[in-house]
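Beneath this line is the structure, given in structure tokens, with notes to follow.
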Amino acid sequence: MSLGDLVVRKSYGGDVTFRVEDIQRNKAIIKGIEFRLLADSPVNDLVVVPADQISGKTQQAHIKAGESLNLLQRARQQQAARSQAALVGDWSDPVESTYFEMPGKVLHLDGDPSYLKKCLSLYEQLRVPAEGHHVHESAMADTLYRLLPRIRPDIVVITGHDGVLKQPQPYDLYSLKSYKNSQNFVAAIQVARQYERHLDSLTIVAGACQSHFEALLRAGANFASSPGRILIHALDPVYVAAKAAFTSIRDTVNMGDLFHQTISGSRGVGGIETRGSYRIGLPKLENLSTLKVTPSAI
């Protein structure tokens, strides 16, 4: 077994495919290739699998990710059609109905550099303006304190790795002490809410696998994981942020659509009624390099 190998865990029935990140004596640090799951495992519990034989659960997540992307792109096209139709009704000259778009701007903090790279690629594919930073979960609160006044985003994504800690049964799922990083996400949300208290002026998407959903919402998140304490897909936070970025400021984010357009669904992501941050402007912006302007005689 070597670094970078794809493996499954025998003790879990090979349900999730991981990549080996590190090997320390008889233990390996493994990371889900589709799910935001970082774990350690005895080496003798791991089985190397070929790239074309990933686990059923991971394969299903990969298929669902493609479906979610198609749904978001379709919703994006429908939003553009609605914007155009609304303007046609307001202008008698169809030439004057052309417009430019201002989707919400995203600041994305991620505790995992490889997931961050995937997320930024998806933002670009969806044409969502986004700035991303790899930040350890414990440093996210301090990082937001510095970045928010400079970047002034419409949407903040706070994610990385989380999970219910291994401990003797019974354990308290309503205690932050039972989670790997939920307390760090809560601290980051609180900093963001000190910066902007209004829930519709700054949309916060927070959490990772098995995060303390209720605590994140109480801290001030608009959307969070995970109501069912399940594994969420690495790209789920992006789908939520993109939905908010392309929902009109006149509308609230459709929660039903959100559950269908995320990979983990209602057990993985939930939230509260929130206005979108998408705006249109008139007239349509032209390329200034092509404009012919006669200087004024001053």
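Looking at the stretch 151-207, which of the residues that are among the hydrophobic types (A, V, I, L, M, F, W, C) and in a loop (DSSP other than H, G, I, E, B) is farthest from residue 140 (Cα to Cα)? Before you say what the answer is, go through the steps one by one.
Taking the stretch 151-207 first, the residues among the hydrophobic types (A, V, I, L, M, F, W, C) are 151, 155-158, 164-165, 173, 176, 185-189, 191-192, 199, 202, 204-206.
Of the ones still in play, those that are also in a loop (DSSP other than H, G, I, E, B) are 165, 173, 199, 202.
Details: 165: 20, 173: 23, 199: 20, 202: 17 Å.
The extreme case among them is 173.
Within the stretch 141-178, restricting attention to residues that are modelled with pLDDT of 95 or more and over 22 Å from residue 113 (Cβ atoms), which residue is nearest to the chain's Cα centre (by Cα)?
That would be 154.
Hey, can you tell me all the residues within the stretch 215-259 that are among the small types (Gly, Ala, Ser), closer than 13 Å to residue 159 by Cα and either assigned to a loop (DSSP other than H, G, I, E, B) or out of contact with any His (no Cβ under 8 Å at 6 or more places or on another chain) (or both)? I'd like the intermediate steps shown before the answer.
Step one: of the stretch 215-259, the residues among the small types (Gly, Ala, Ser) are 215, 219-221, 224-226, 228, 234, 241-242, 244-245, 248, 256.
With the extra rule that they be closer than 13 Å to residue 159 by Cα, the set shrinks to 221, 224-226, 234, 241.
If the condition is that a residue be among the small types (Gly, Ala, Ser), closer than 13 Å to residue 159 by Cα and either assigned to a loop (DSSP other than H, G, I, E, B) or out of contact with any His (no Cβ under 8 Å at 6 or more places or on another chain) (or both), then 221, 224, 225, 226, 234 are the ones that fit.
Contact list please: Cβ distance under 6 Å, first residue in the stretch 121-139 and more than 25 Å from residue 184 (Cβ to Cβ), second residue open to solvent by 40 Å² or more (accessible area, probe 1.4 Å) and part of a loop (DSSP other than H, G, I, E, B), pairs at least six apart or on different chains.
What qualifies is 129/105.
Out of all the residues in the stretch 225-241, which are surrounded by 22 or more Cβ atoms within 10 Å (Cβ to Cβ) and farther than 19 Å from residue 38 by Cβ?
To start, the set of residues in the stretch 225-241 that are surrounded by 22 or more Cβ atoms within 10 Å (Cβ to Cβ) comprises 225-226, 231-241.
Hits for the stretch 225-241 are 239, 240, 241.
Going through 171, 195 one at a time, which residue ends up being over 26 Å from residue 31 (Cβ atoms) and either open to solvent by 10 Å² or more (accessible area, probe 1.4 Å) or touching a Pro at 6+ places or on another chain (Cβ under 8 Å) (or both)? Can you show your working first?
On the way: 171 fails: over 26 Å from residue 31 (Cβ atoms).
Going through 171, 195 in turn, the sole match is 195.
Mind listing whichever residues of the stretch 31-51 are over 29 Å from the mean Cα position of the chain (by Cα), in a strand (DSSP E or B) and touching a residue at least 24 places away in the same chain (Cβ under 8 Å)?
Of the residues in the stretch 31-51, the ones over 29 Å from the mean Cα position of the chain (by Cα) are 42-48.
Then drop every residue that is not in a strand (DSSP E or B), which leaves 42, 46-48.
Across the stretch 31-51, the qualifying residues are 46, 47, 48.
Among the residues of the stretch 1-30, write down those that are aliphatic (A, V, I, L, M), surrounded by 15 or more Cβ atoms within 10 Å (Cβ to Cβ), in contact (Cβ under 8 Å) with a residue 12 or more places away in the chain and closer than 22 Å to residue 116 by Cβ.
Start the filter on the stretch 1-30 by keeping residues that are aliphatic (A, V, I, L, M), which leaves 1, 3, 6-8, 16, 20, 23, 28-30.
Still in the list and also surrounded by 15 or more Cβ atoms within 10 Å (Cβ to Cβ): 6-8, 16, 20, 23, 28-30.
Then keep just the ones that are in contact (Cβ under 8 Å) with a residue 12 or more places away in the chain; that gives 6-8, 16, 20, 23, 28, 30.
Once the filter is applied, which keeps residues that are aliphatic (A, V, I, L, M), surrounded by 15 or more Cβ atoms within 10 Å (Cβ to Cβ), in contact (Cβ under 8 Å) with a residue 12 or more places away in the chain and closer than 22 Å to residue 116 by Cβ, the stretch 1-30 yields 6, 16, 20, 30.
I'd like the residue in the stretch 260-279 that is open to solvent by 60 Å² or more (accessible area, probe 1.4 Å), outside any loop (DSSP other than H, G, I, E, B) and at pLDDT 85 or above and, out of all such residues, is farthest from residue 127 (Cα to Cα).
It comes out as 267.
The values are calculated or read from the model by the stated rules, or taken from the named source; none is laboratory data. Quantities reported herein were computed from a predicted structural model and do not represent experimental measurements. Because the Cβ atoms are built from the backbone with ideal geometry, glycine has one as well, and the counts that use them run over all protein chains shown. Ligands, DNA and RNA are stripped out before the accessible areas are found, and what is left, the full protein with its side chains, is counted by its heavy atoms. Shrake-Rupley method; radii C 1.70, N 1.55, O 1.52, S 1.80 Å.
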